[in-house]
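Quick notes on the structure that follows.
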Amino acid sequence: MEMKITVIGMWGGYPKKDGPCSGYLVEQDGFSMLIDCGSGVLVKLQEFIDLNEINDVLLSHYHYDHASDVGAYLFSRLVNTQLGRVDESLTIYGPQDEMKEQEFTSVPYTEFQAIDEESELHIGPFQLNFLKTIHPVETYAMKISNGKKRFVYTADTSFTKGLVDFAKGADLLIAECSLYEGMDGKNSGHMNAREAGMLAKKAGAHKTLLTHLPHYGNIQKLVESAEKTGAAAVELAQPGMVITI
Ligand SMILES: [Zn+2]
Ligand SMILES: [Zn+2]
C-alpha cells in the first residue's frame, strides 16, 4: 500500500540532452498516473513504464515545460488503440481552457476533465486536491494522498502562505526551485531556493525534493540554501529517482 513516485524530469523551461522537463510517475496497486508531461518526458517515461499502462494524466498548467509532450502522448494512445494494445481512453485533467480541451479531445480515445480548487478527485487509490498558485497562467499545486501518506507538488509558483497550509505535514514535498537564493521569484511566478526551503520548513515536510531547476550556476547550492532554513532531508530531483512513501 505504498505510493511509488518516479521523477521523469525536472528541468525548468526546456530540457537538457537526456534530461526532460517536469514529469512525475505515481504508482500504487497496479494503478499509474502521470503528473505533468513537459518537453522530453514522453521519451524518458518509457524507461519506466509502457505508455499504454498509464490511466490518467494531470497537468498543473499549460506552459510548454509542463505540457508540450501531451499531444504526442495522445497520438501514441490513438495508434496503440488501433493496434489493439490498449482499450481504455486516456483522461487528461488540467485547468479549464476551451482551446486545450478542443485540442486534446480532437484526438480519438481522449477525455478531458477540468480541475480547480473545488475539485476533489478520486483516481484509483489516490485522492487529489488542488491549490491555485501564483504564476502568470492558471496553475494548480496538487496534494496526492493514498489515505495514509501524502505528497504535495507545488507546480510553478511564487512563495505563498497558502502553500504552507496546503503542504502541512506532507510526507514528501516536491517544490519548484527555479532561482538561487537572493533572486526575485515574486515577479516571475517562481520560488528561489530559500523560499522553497522556507516552505518545506514551515509546512513541516518530512522530505523535500527541489525541482524545476535552473540551467545555470551550481545547482548543489540550491540544496545548501534550502537546508539553511531548517528544512529536513532536502535533495535535488533527478530523472529516474524513485521515492516510496
Ligand atoms: Zn515551468
Ligand atoms: Zn510555468
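The values are calculated or read from the model by the stated rules, or taken from the named source; none is laboratory data. Source: prediction; values computed, not measured. Backbone-built Cβ (ideal geometry, glycine too); neighbour counts: all protein chains shown. Accessible surface is based on the protein model in full, side chains and every heavy atom, while ligands, DNA and RNA are left aside. Shrake-Rupley method; radii C 1.70, N 1.55, O 1.52, S 1.80 Å.
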Q | Enumeration of residues in segment 147-178 that are surrounded by 17 or more Cβ atoms within 10 Å (Cβ to Cβ) and over 17 Å from residue 207 (Cα atoms) | A | 156, 157, 158, 159, 160, 178
Q. So how many residues does segment 161-178 have that are assigned to a loop (DSSP other than H, G, I, E, B) and more than 15 Å from ligand 2 (Cβ to nearest atom)?
A. 5
Q: Identify all residues within segment 45-68 that are under 16 Å from residue 6 (Cβ atoms) and among the acidic types (Asp, Glu); write none if there are none.
A: 47, 50, 53, 56
Q) Can you name the residue in segment 25-44 that is touching a Leu at 6+ places or on another chain (Cβ under 7 Å) and over 17 Å from residue 115 (Cα atoms) and is also nearest to ligand 1 (Cβ to nearest atom) among such residues? A) 25
Q: Please indicate, with yes or no, whether at least one residue in segment 124-136 is farther than 26 Å from residue 243 by Cα, modelled with pLDDT of 95 or more and open to solvent by 60 Å² or more (accessible area, probe 1.4 Å).
A: yes
Q.
Every residue in segment 1-38 that is touching an Asp or Glu at 6+ places or on another chain (Cβ under 6 Å) and under 19 Å from residue 77 (Cα atoms), please.
A. 23, 32, 33, 37, 38
Q) Looking at segment 53-71, which of the residues that are at pLDDT 95 or above, open to solvent by 30 Å² or more (accessible area, probe 1.4 Å) and more than 16 Å from ligand 2 (Cβ to nearest atom) is farthest from residue 98 (Cα to Cα)? A) 53
Q. Among the residues of segment 41-50, is there at least one that is without any contact (Cβ under 8 Å) to a residue 12 or more places away in the chain and either surrounded by 17 or more Cβ atoms within 10 Å (Cβ to Cβ) or under 28 Å from residue 214 (Cβ atoms) (or both)?
A. yes
